[in-house]
Amino acid sequence: MRKLAEVFLLAENRLLREALSRLLSKKSGIRVVGANSYSLAVQQEIVAARPNIILLDSSSLASPIVTLLTTLRAAIRNVRIIMVDMDEDEAIFLGAIRSGVVGYVLKEASAAEVAATICAVAAGRAVCPPSLCMTLFRTIAQQMPALSKTFWAADFGLSHREQQITDLLSERLTTNEIALRLNPRNRWSRITTE
């Protein structure tokens with residue numbers, strides 16, 4: 001049985017809120033539990049509605065809304081956040097992910113695509129446009145060199161020597177090349193493999 005997506009719409013533009021509310025109310029598996037623009041009082045309204053999905057527009061993603069999203073994630077267990085953005089902006093996309101957004105839809109998305117994103121996120125999946133997927137991979141790859149050495153030590157409890165060997169293996173060195181790198185003074189040393 002598919003989980004019902006109970007959605008709270010948080011958008012500055014009233015026309016957008018009303019249009020999305022009407023469109024989503026017609027979709028099976030989605031129930032709109034509230035809609036409003038950002039204000040200091042909206043936090044209480046959202047907590048009272050207990051949505052499992054918050055759908056917000058990119059104009060809402062300012063410093064106060066990031067604080068609000070952090071507070072809401074703490075107050076509502078398993079709430080997930082979807083953002084509808086106007087443009088394919090990598091900086092806004094990455095900022096949204098850092099703020100806890102797990103679904104991201106661009107302005108050219110159809111009502112069916114927005115509904116499908118809501119259902120997918122409600123089912124525990126993350127959704128982003130294929131055109132921005134490469135941004136995620138590139139960002140993670142840029143962070144990995146700094147993280148790789150601590151990753152092996154922290155997650156697998158490797159000794160210093162084991163970390164050295166792992167790093168050399170990642171360079172695709174042969175066992176003889178690894179032996180020479182680990183013990184450069186003994187150039188005649190060879191490791192044999194069976």
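The values are calculated or read from the model by the stated rules, or taken from the named source; none is laboratory data. Not measured: the values here are computed from a predicted model. For neighbour counting, all protein chains shown are included, and Cβ atoms are generated from backbone atoms with ideal geometry for every residue, glycine included.
Answer yes or no: is there a residue in the range 108-128 that is modelled with pLDDT under 80 and either more than 21 Å from F8 (Cβ to Cβ) or not in a loop (DSSP other than H, G, I, E, B) (or both). No, every residue in the range 108-128 fails to be modelled with pLDDT under 80 and either more than 21 Å from F8 (Cβ to Cβ) or not in a loop (DSSP other than H, G, I, E, B) (or both). When the range 178-189 is filtered for residues that are modelled with pLDDT under 65 and either small (G, A, S) or loosely packed, with under 10 Cβ neighbours inside 10 Å (or both), the ones remaining, listed by number, are R187, W188, S189.
Where residues in the range 145-177 are part of a helix (DSSP H, G or I) and exposed (fewer than 10 other Cβ atoms within 10 Å of the Cβ), which of them is modelled with the highest pLDDT? Filtering first and then ranking leaves R161. Scanning the range 23-61 for residues that are of a type in the set (V, I, T) and closer than 9 Å to F8 by Cα returns V32, V33, I46, I53, I54.
Taken together, the residues in the range 8-36 that are in contact (Cβ under 8 Å) with a residue 24 or more places away in the chain and either acidic (D, E) or in contact with a Lys or Arg (Cβ under 7 Å, 6 or more places away or on another chain) (or both) amount to 5.
Of all the residues in the range 14-34, those that are farther than 14 Å from A115 by Cβ and either modelled with pLDDT of 95 or more or out of contact with any strand residue (DSSP E or B) (no Cβ under 7 Å at 6 or more places or on another chain) (or both) number 5.
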